[in-house]
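Engineer: Below is a structure I'd like to ask you about.
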Amino acid sequence: MTMLTVVRGLLPARACLALLVLIASGTMPASRSQAQDCEYGAFGCGHAEQHHQYQDWKPSTGKGSCCNGDDCRPVRARVEDDGSWSVWIPEFRRWVSVPAFAVGEPDRFGDGRSHVCSTKPLPTLPVFHIFCFSPTGSKS
């Protein structure tokens, strides 16, 4: 009987401890997976690390700003056979042509990556616009 009383007395404390451990371990992987889920080139992914530089980025027309808060980001880019550029848009799962007017100076941010500012790519909305693009300067 005394053993059962001791077990009953410890069970709620152990259950609470187990619950706390489960909650803590459950939240840690969730925050890690969110960072891993941020696919390179996805809208908003990588914006924060260079937001201060994106704010000063002007389109080739010289009017306005390329940055609208979270719309600029590093992207995968490639040169097409005709010399034009395309960027990989993860939300569309395809390469999208960069309009010639949007192409700016290569490696503008000095990190060896291509960067783009665009409207939010929504698969349900066919309207997608690239405002500014800085290529790496290499064929990747």
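Every read-out reported here was derived from the displayed coordinates using simple, explicitly stated rules and does not represent laboratory data. As the structure is a computational prediction, the values presented were derived from the model and not from experiment. With ideal geometry, Cβ positions are generated from the backbone for all residues, glycine too; neighbour counts draw on all protein chains shown.
Engineer: Within 10 Å, count the other beta carbons around each residue, average over each peptide in 62-75, 41-54, and list them highest first. Can you show the working numbers first?
Structural biologist: Working: 62-75: 17.6, 41-54: 15.9.
Result, highest mean first: 62-75, 41-54.
Engineer: Only residues of segment 107-124 count here: report those whose backbone N is under 20 Å from the spot 7 Å along Cα→Cβ of Ala42, or say none.
Structural biologist: Residues 114-124 fall inside that zone.
Engineer: A further question follows. Find how much the distance from Glu80 to Thr61 grows on full extension, using 0.36 nm per residue of separation minus their present alpha carbon separation; answer in nm with one decimal.
Structural biologist: Extra length available between Glu80 and Thr61 comes to 4.4 nm.
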